[in-house]
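*Asks:* Below you'll find the structure I mean.
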Amino acid sequence: MVEKHFLQVNDSLLWQSYQFLKQNCSTDEFALLVENRQDFIYDVELAVRTCRRSIESGEIPFEVFCEYILPPKIYDEPFEPWRKACVEEFSFMQSLSIPKICNTLNHCIVKGFTFGG
């Protein structure tokens, strides 16, 4: 029924994103994703909504989006709605450019590290 949802929405970018995940996940991985139907649909829609302008303008090639931004999980980790949590936590950066977002995130990450010998 997940596939039916993406067909009914009638959005080619969403459909292509869904198809990429379906074709590039193992059968077991894909089954686990669609088992969490609502979270999976929301995650794909959020990924596309967040990057749509950058994809359509060519700033982010669709292939790069599919390979590095779209996947909801990596390897054997459990599926969690991490994208939703990140959007909520970092919503203050919505109006920033991609380089400024990267710099801000790098600054946030560095705070947790200590350097020394």
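*Asks:* Taking only Cα atoms, what is the 0 to 90° angle, nearest 10, from helix 12-24's long axis to the longest principal axis of the chain?
*Replies:* Tilt of helix 12-24: around 90 degrees.
*Asks:* Mind listing the phi-derived Karplus ³J(HN,Hα) values for segment 36-50, rounded to whole Hz, using 6.51, -1.76 and 1.60 with θ = phi - 60°, and x for any glycine or proline?
*Replies:* After applying 6.51 cos²θ - 1.76 cosθ + 1.60, I find 9, 3, 5, 5, 5, 4, 4, 5, 5, 4, 5, 4, 5, 4, 5 Hz.
*Asks:* Using a Förster distance of 35 Å, how high is the FRET efficiency between Leu96 and Glu35, based on the Cβ-Cβ distance and rounded to 0.05?
*Replies:* Details: r = 35 Å, r/R0 = 1.00.
Result of the calculation: an efficiency of 0.50.
Laboratory data are not the source of any read-out in this text; all were calculated from the coordinates shown. In this text, all values refer to a predicted model and were calculated from it rather than measured experimentally. Note that each Cβ is placed from the backbone with ideal geometry, even for glycine, and that neighbours are counted across all protein chains shown.
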